[in-house]
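Novice: I have a structure here, written as structure tokens, and I will follow up with some questions on it.
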């Protein structure tokens, strides 16, 4: 084992760490949730990762996204996050897919090559198709719901989407999945009531019609819960 994994091996034990090193995880979306989730997985020792994102750092990302700095504004998130992951683990088998997933591609990108999929997309239709693709192809997936408009860290939890409350994003996804005869999906969500006054409408670019105000810690916390779920599953697999 590499020297930098010593502390992880003490906790996960050799067999658990080997399972992580042999795993391949897909992360779609490298914003406030996905960027932190990717880092947590890399530092845990996951051996192969495919990361997908077509966006560049915007000045408004600085309050909550790992790759966002004043020095990185305008740069592709896939480059910044990817380079950071390789600096954490130079032996990481990293595949970078620099694109905004269309609804069709979101379905196509799912493969049984992946041991787990982390859905960190913040647009409804691509997110929906990613979930449908994973369910149809029997690939494990955890989907992150809305972190915007929320402030209470203690209200964040992992549950089946049927158990979600006070999350408009989850409600929309749940209704549309029901039409596809899908009623079970593991999700990260917050049961806190969203702050309605923080909602802002957009021009609908990249399948995103609106967004809520966000703080520095909630997206990262969602990423942490998603990464924890994946890591613990892979160790026990």
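Novice: Considering every residue within region 54-61, establish whether at least one is in contact with a strand residue (DSSP E or B) (Cβ under 6 Å, 6 or more places away or on another chain) and either assigned to a strand (DSSP E or B) or farther than 30 Å from residue 138 by Cβ (or both). It would help to see each step written out before you state the result.
Specialist: Kept after step one, since they are in contact with a strand residue (DSSP E or B) (Cβ under 6 Å, 6 or more places away or on another chain), are these residues of region 54-61: 56.
Going one step further and asking which of them are either assigned to a strand (DSSP E or B) or farther than 30 Å from residue 138 by Cβ (or both), we end up with 56.
Yes, the conditions are met somewhere in region 54-61.
Novice: Kindly provide the set of residues from region 115-138 that are surrounded by fewer than 22 Cβ atoms within 10 Å (Cβ to Cβ) and closer than 22 Å to residue 46 by Cβ, ordered by number. Before the answer, list the steps.
Specialist: Within region 115-138, the first condition is being surrounded by fewer than 22 Cβ atoms within 10 Å (Cβ to Cβ), and the residues that meet it are 115, 123-125, 132-133, 135-138.
If the condition is that a residue be surrounded by fewer than 22 Cβ atoms within 10 Å (Cβ to Cβ) and closer than 22 Å to residue 46 by Cβ, then 115, 133, 137, 138 are the ones that fit.
Novice: How about region 139-190: which of its residues are touching a helix residue (DSSP H, G or I) at 6+ places or on another chain (Cβ under 8 Å), closer than 23 Å to residue 60 by Cβ and buried (at least 17 other Cβ atoms within 10 Å of the Cβ)?
Specialist: 144, 145, 146, 147, 148, 149, 150, 156, 169, 188, 190
Novice: Only one of these is farther than 22 Å from residue 134 by Cβ, touching a residue at least 40 places away in the same chain (Cβ under 8 Å), part of a loop (DSSP other than H, G, I, E, B) and in contact with a helix residue (DSSP H, G or I) (Cβ under 9 Å, 6 or more places away or on another chain): 66, 30. Name it.
Specialist: On the way: 30 fails: farther than 22 Å from residue 134 by Cβ.
Only one candidate passes the filter, namely 66.
Novice: If you scan region 69-108, which residues turn out to be outside any loop (DSSP other than H, G, I, E, B), closer than 27 Å to residue 158 by Cα and modelled with pLDDT under 95?
Specialist: 103, 105, 106, 107, 108
Novice: Residue 113 is checked against (1) in contact with a strand residue (DSSP E or B) (Cβ under 8 Å, 6 or more places away or on another chain); (2) under 22 Å from residue 188 (Cα atoms) and fails just one. What number does that condition carry?
Specialist: Only one criterion in (1) in contact with a strand residue (DSSP E or B) (Cβ under 8 Å, 6 or more places away or on another chain); (2) under 22 Å from residue 188 (Cα atoms) is unmet by residue 113, namely (2).
Novice: Residues to consider are 111, 143; find the one that is in a strand (DSSP E or B) and in contact (Cβ under 8 Å) with a residue 24 or more places away in the chain.
Specialist: 143
The values are calculated or read from the model by the stated rules, or taken from the named source; none is laboratory data. All values reported here derive from a predicted model rather than from experimental measurement. Glycine also receives a Cβ, built like all others from the backbone with ideal geometry; neighbour counts cover every protein chain displayed.
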